[in-house]
1. Full extension from residue 268 to residue 163: what is 0.36 nm times the residue separation minus their Cα-Cα distance, to one decimal in nm?
2. Just need the relative contact order of the chain here, percent rounded to a whole number, with Cα pairs under 8 Å and 6+ apart.
3. Compute the distance from the alpha-carbon center of the range 23-93 to that of the range 107-154, in whole Å.
4. Using a basic spin-label model with each label point 7 Å from the Cα along Cα→Cβ, how many nm lie between residue 21 and residue 350?
5. Roughly speaking, what is the stretch gain from residue 134 to residue 276, that is 0.36 nm per residue apart minus the C-alpha to C-alpha distance, in nm to one decimal?
6. In vacuum, with every alpha carbon of the range 80-215 counted as one equal point scatterer, what does the Debye formula give for log10 I(q)/I(0) at q = 0.15, 0.21 Å⁻¹? Two decimals, please.
7. Just to confirm a number: summing +1 for Lys and Arg and -1 for Asp and Glu over residues other than residue 255 whose beta-carbon lies under 9 angstrom from that of residue 255, what do you get?
8. Tally Lys and Arg at +1 and Asp and Glu at -1 over the other residues with C-beta under 10 Å from the C-beta of residue 65: what net charge comes out?
Amino acid sequence: MDLSAYAIDGLAPSRAERPTSAAEVSAAIGAADRDRAAVVVWGGGTRIGVGDAPSRYDVALDLRGVTGVVEHSPADLVCAVRAGTTLAELDAELARHGQRWPVDVPDPARATIGGTIASAATGPSRLRHQHVRDWVIGCEAVLGDGTRARAGGRVVKNVTGYDLTRLYSGSFGTLAALVEVSLKLVAVDERTLVLSLRDPDVSRLAALAAELRAALPLDALVLATGGAAGGGAAGGGAAGGGALLAVRCAGAATAVERLAREVRSRGAFAEIDDAAWQDIVALPARATHVARAAVPPGREPEALGGSAVAHVGAGSTFLFGERASDELATRRSTCEAAGGALILERTSVAQRRAIGTWGRSGLPAEIARRLKERFDPHGVLAPGRMPV
């Protein structure tokens, strides 16, 4: 087996394991706990680069063999699915019943359900559908000592208590390995339509995006600048390109037509096809260097600069290309002053060490430490990848 495929920031494990069931995941993590071996949980690898390099790395635990829809109740708009299932596989299964899981991420053919939840992946449709954790109603996870633990359930109305599924979302595999999740679903939209408008004046498009967000119930708003607006230069290519505003309308056909008329009344918007829209969604996954500014919804355009893309109303602006550490540190200070954060999602090891991946934590260090000790008592799950 080529272990270099599992390398993180140049650090490769000594072995890789690919379980096919929750029981096998539990056995693998339990054995690692007894041996005090460090484990990094893998899905499709689309967001494995987010986080610091592991302080120790013995086992790559690849969950892509833990796949399949366990249960689907179309009448209740819920399903249970194993964590290694890709979003594309789930989408194909649910589409047969006219339903979908309303989470959009780059590269759905690779991105797994478990990895998407564990990394709190975000996409432009978060404007309409909110955070990925809002579409999870229960899960089974394997803790750091190999214990299998369930949280929530398989129906929307469930028991009261602390929602551990929300805790696991954004933990990047440092507290538990998700093996099965129960999801809330929605009906497939009768029609979707994407309209775009190019303008050299970024501020004009930013103001238009704010106006559209306030006035209309849109599915997504994306404002791209610099090389990202030129399509294909997300890695920090040409500095030009002006700006591009893409507006996605979705829902009942009559409602979409009405929304389209409203959007077109505000500018010379042109329709683009689904492939072009998917290219826009995929921009954060194609860049070699990515910093994500997490900001209050509506303030995403304030974080733009150079080659970048803002998911307006969704709380994220992605900055592409190599940038000086001083620039990123200044941007981080601005984001944190607004109650947000700036995360270095993909960059050089040297830059991570220079200014840090995560910035100031919103969780007090003592609470983070106690959570880690409770869920992973011997620190075998992704040690060093997140501050504790």
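1. Values: separation 105, 0.36 × 105 = 37.80 nm, distance 4.60 nm.
Net length gain for the segment: 33.2 nm.
2. On the way: 893 pairs, mean separation 69.6, N = 388.
Rounded, it is 18 percent for the chain.
3. First find each Cα centre; the distance between them is then 10 Å.
4. 5.0 nm
5. Numbers: separation 142, 0.36 × 142 = 51.12 nm, distance 2.75 nm.
Stretched out fully, the residue 134 to residue 276 stretch lengthens by 48.4 nm.
6. So the normalised log intensities are -0.79, -1.26.
7. On the way: positive: 191, 258; negative: 190, 257.
Net charge around residue 255: 0.
8. Working: positive: 18, 64, 82; negative: 17, 24, 62.
Result for the local shell: 0.
Since every read-out is calculated from the coordinates, none of them should be taken as a lab result. A quick note: this is a predicted structure, and the numbers were derived from the prediction, not measured. Cβ atoms come from the backbone with ideal geometry, glycine included; neighbour counts cover every protein chain shown.
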